[in-house]
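Just below is one structure, and these are the notes that go with it.
The values are calculated or read from the model by the stated rules, or taken from the named source; none is laboratory data. These numbers were taken from a predicted model, which means no experiment stands behind them. Cβ atoms come from the backbone with ideal geometry, glycine included; neighbour counts cover every protein chain shown. Just the protein is used for accessible areas: all its heavy atoms, side chains included, with ligands, DNA and RNA removed. Shrake-Rupley method; radii C 1.70, N 1.55, O 1.52, S 1.80 Å.
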Amino acid sequence: MAFWLFKTEPDVFSIDDLCKFGKADWEGVRNYQARNFLRDQVAINDQVFIYHSSCKIPAIAGIATVIKDAHPDPTQFDHSSPYFDAKASQTDPRWYQVSVKFDQKFIKPITLSQLKSDSNLDDFQLTKKGSRLSIIPLDEGHWNYIIDTYLIKF
């Protein structure tokens, strides 16, 4: 099992949307490095932090689990989709997606400013200057530290 952070814009697709639908295809990734992670490394049962970006308070909002390995993202073939790619073909797809299921919405999201101010996360990929990838691999130590430090325990 591996650990990931998937960025999403909450006005497009949020943790609340994932909760409502229960599961979703993680579509629309259009960066080659992020695509390669999805296609080559993300696997069934991997754990994912769902991170809200491009919003007033960027934050980790919850957790999902990967339930289906990489498969071609159909939006690349849809002329009406903002993710359409004229260079993609059914026989040679360029873009991939995985499917995830909702696990948990955090009562209190873990904000980017909290993560940046935590000296134990100085080497955390998300908090590094210039970190722009929408799919980020995490090491198990960072995953466990964030869970143990920031989640409210009942």
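Length available on full extension from Gln90 to Asp25: 0.36 nm per residue minus the Cα-Cα distance, which gives 21.6 nm. Gaussian network model of the chain, Cα springs within a sub-10 Å range: biggest mean-square fluctuation belongs to which of Asp118, Asp85, Asp73? Between Asp118, Asp85, Asp73, it is Asp118 that shows the largest mean-square fluctuation.
Taking all protein chains into account, the per residue accessible area for the range 1-112 stands at 52 Å² (1.4 Å probe).
Here is the P(r) of the range 1-75: all C-alpha pair distances, binned every 5 Å from 0, give 3, 15, 27, 28, 20, 6, 1 in whole percents. Put simply, the amide H of Gly62, placed in the peptide plane, has neighbours under 5 Å in Ile50, Phe106, leaving out anything fewer than 5 places away on its chain. For mean projected area of the Cα convex hull in nm², several values are listed as [x] 10.9; [y] 9.5; [z] 8.7; flag the one computed from this structure. Working out mean projected area of the Cα convex hull in nm² from the coordinates points to [y]. Taken over the range 93-154, lysine pairs spaced eight or more positions apart, or on distinct chains, with alpha carbons under 21 Å apart number 5.
A Gaussian network model of the chain, with springs between Cα atoms under 10 Å, assigns the largest mean-square fluctuation among Ile57, Ile15, Ile136 to Ile57. Model label sites at Ser117 and Gln41, defined 7 Å from Cα along the beta-carbon direction, differ in position by 3.0 nm.
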